[in-house]
Amino acid sequence: MPDPSLPLPPQLMLPTLRSVVELGGTASYSDIDAQTIEKAGITEDQLAVVYGEEATASGPKIMHRIAWARSMLKRIGALEGAGHGVWAATAEGQRISALPDAAATAKLEESIADAYADVEPTPTKLNEFRERALAGEPAEMT
């Protein structure tokens, strides 16, 4: 049987954020994971998709994707660490969570694009680095 389609981390951001908010604004990894699986409609077949023996990661792939969604939400300021193994929704996260689905998704997409814009090696950005290097003012890029 082929692997069922798994949602990507950006598609899991809104269910993850809303899970934290619905769990009282602060929740553990395991509680967030369980709530997100339910909110996102993850099936048993999707939960059964695990990393192969050759992979460095282990366990269900969907759990890693939820973890990436949490990390992305942290990067945009919607979630923050609230102690070991605990996440909390920020005021911005609460605001986004309260938006209708389409508006919340659009805001998350916009925020992610802004947050990662500085790390994208676009032709314009690479040209800028080249010009600075030629001018004797090299810049660093991660």
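In order along region 47-59, phi translates into HN-Hα couplings of 5, 7, 6, 10, 6, x, 4, 6, 6, 7, 8, 9, x Hz, rounded to whole numbers, per the Karplus curve 6.51 cos²θ - 1.76 cosθ + 1.60 with θ = phi - 60° and x for Gly and Pro.
Among Ala27, Ala55, Ala67, the largest mean-square fluctuation in a Gaussian network model of the chain, built with springs joining Cα atoms closer than 10 Å, belongs to Ala55. Highest mobility in the GNM of the chain, judged by mean-square fluctuation with C-alpha springs under 10 Å and restricted to Pro60, Pro15, Pro100, is found for Pro100. Taking every lysine pair in the chain that is 8 or more places apart or spans two chains, those with Cα atoms closer than 20 Å amount to 4. Let me make sure I get this right: for region 26-95, a, b and c are the square roots of the gyration tensor eigenvalues over alpha carbons, sorted descending. Under 1.5 in a/c it's rounded, otherwise prolate if a/b > b/c, else oblate. Which is it? Here region 26-95 falls in the prolate category. Listed values for region 36-42 are Karplus-derived 3J(HN,Hα) couplings in whole Hz (6.51 cos²θ - 1.76 cosθ + 1.60, θ = phi - 60°), namely 5, 4, 5, 4, 7, x, 5, and x replaces Gly and Pro.
Where [x] 26, 17, 14; [y] 33, 17, 14; [z] 31, 21, 14 are the candidate values, the label of the one calculated here for semi-axes √(5λ) of the Cα gyration tensor in Å is [z]. Computed with a 1.4 Å probe on the full set of protein chains, the accessible area for Asp101 sits at about 100 Å². Around the Cα centre of the chain, unit charges on the Cβ atoms of Lys, Arg, Asp and Glu (plus for the first two, minus for the last two) sum to a dipole of about 240 debye. Backbone amide hydrogens, once placed in the peptide plane, bring Val50 within less than 5 Å of Lys61, excluding anything fewer than 5 places away on its chain.
The values are calculated or read from the model by the stated rules, or taken from the named source; none is laboratory data. For clarity, every value in this text was computed on a predicted model and none was experimentally measured. Cβ: placed from backbone, ideal geometry, glycine included. Neighbour counts: every protein chain shown. These area figures cover heavy atoms from the full protein model, side chains too; ligands, DNA and RNA do not enter into them. Shrake-Rupley method; radii C 1.70, N 1.55, O 1.52, S 1.80 Å.
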